Amino acid sequence: VQLQASGGGLVQAGASLRLSCAASGRTFSSSAMGWFRQAPGKEREFVAAVSRSGGGTAYADSVKGRCTISRDNAKSTVSLQMNSLKPEDTAVYYCAATVATWIPRRESDYDYWGQGTLVTVSS
């Protein structure tokens, strides 16, 4: 699976952004998908994930209630809608895919990674 993330940008606090990740390959619908982020000087951290079917989701506490992950298996895309953005959401956001049958939160459980898209939230 090859992943291409997009949708990042510079926004003010309180704004919304929608990140997208396009996948190529035949295994998208059999892969759980996740979003991670890495802020400057910090380790990469889990943001959200969605099950193969889209019926199950998981979120980090820091974004719960503000972000929604979704997927379109027909289009091989996964999206992350982020609302009420805060300066602490500033990071490079990565999409990732895993053949795991659950919804992993650990970086090491993901098999494929996209190149990342930068989100900058100004105060």
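The values are calculated or read from the model by the stated rules, or taken from the named source; none is laboratory data. Since the structure is predicted, the reported quantities are computational estimates derived from the model, not experimental observations. Here the Cβ positions follow ideal geometry from the backbone for every residue, glycine too, while neighbour counts run over all protein chains shown. Only protein heavy atoms, including side chains, enter the accessible area calculation; ligands, DNA and RNA are left aside. Shrake-Rupley method; radii C 1.70, N 1.55, O 1.52, S 1.80 Å.
For the chain, what is the charge dipole size about the Cα centre, in debye to the nearest 20, if Lys and Arg each add +1 at the Cβ and Asp and Glu each add -1 at the Cβ? Spell out each step's value before the answer.
Details: 13 positive and 9 negative charges, 47 e Å.
Magnitude of the dipole: close to 220 debye.
Could you provide, to the nearest whole Å², the per residue accessible area of the chain with probe 1.4 Å?
Numbers: 6150 Å² over 123 residues.
Here the per-residue accessible area is 50 Å².
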Contour minus Cα-Cα span, Asp61 to Asn73, at 0.36 nm per residue, comes to 1.7 nm
Heavy-atom accessible area of Leu10, protein chains in place, probe 1.4 angstrom, given in Å² to nearest 10, is 130
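Are there chymotrypsin sites (Phe, Trp or Tyr not before Pro) in region 67-111 that DSSP marks as loop and that have at most 16 other Cβ atoms within 10 Å, and which are they? Write down the numbers at each step before the final one.
Numbers: sites: Tyr93, Tyr94, Trp102, Tyr110; in loops: Trp102, Tyr110.
Passing sites in region 67-111 are Trp102.
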Candidate cut points under trypsin sites (Lys or Arg not before Pro) in region 1-79, DSSP loop plus at most 13 other Cβ atoms within 10 Å of their own Cβ, are Arg26, Lys42, Lys64, Lys75
Once the dipole of region 9-65 is set up from charges on Cβ (+1 Lys and Arg, -1 Asp and Glu), the residue from the list Trp35, Tyr59, Ala23 lying farthest towards its positive end is Ala23
Taking only protein heavy atoms and a 1.4 Å probe, the highest-to-lowest accessible-area order of Ser30, Ser51 is Ser30, Ser51
In whole percent, the fraction of accessible protein surface over region 11-53 that belongs to carbon or sulfur atoms, probe radius 1.4 Å, stands at 45
Over the chain, cysteine residues that find no other Cys C-beta under 4.7 Å are Cys67
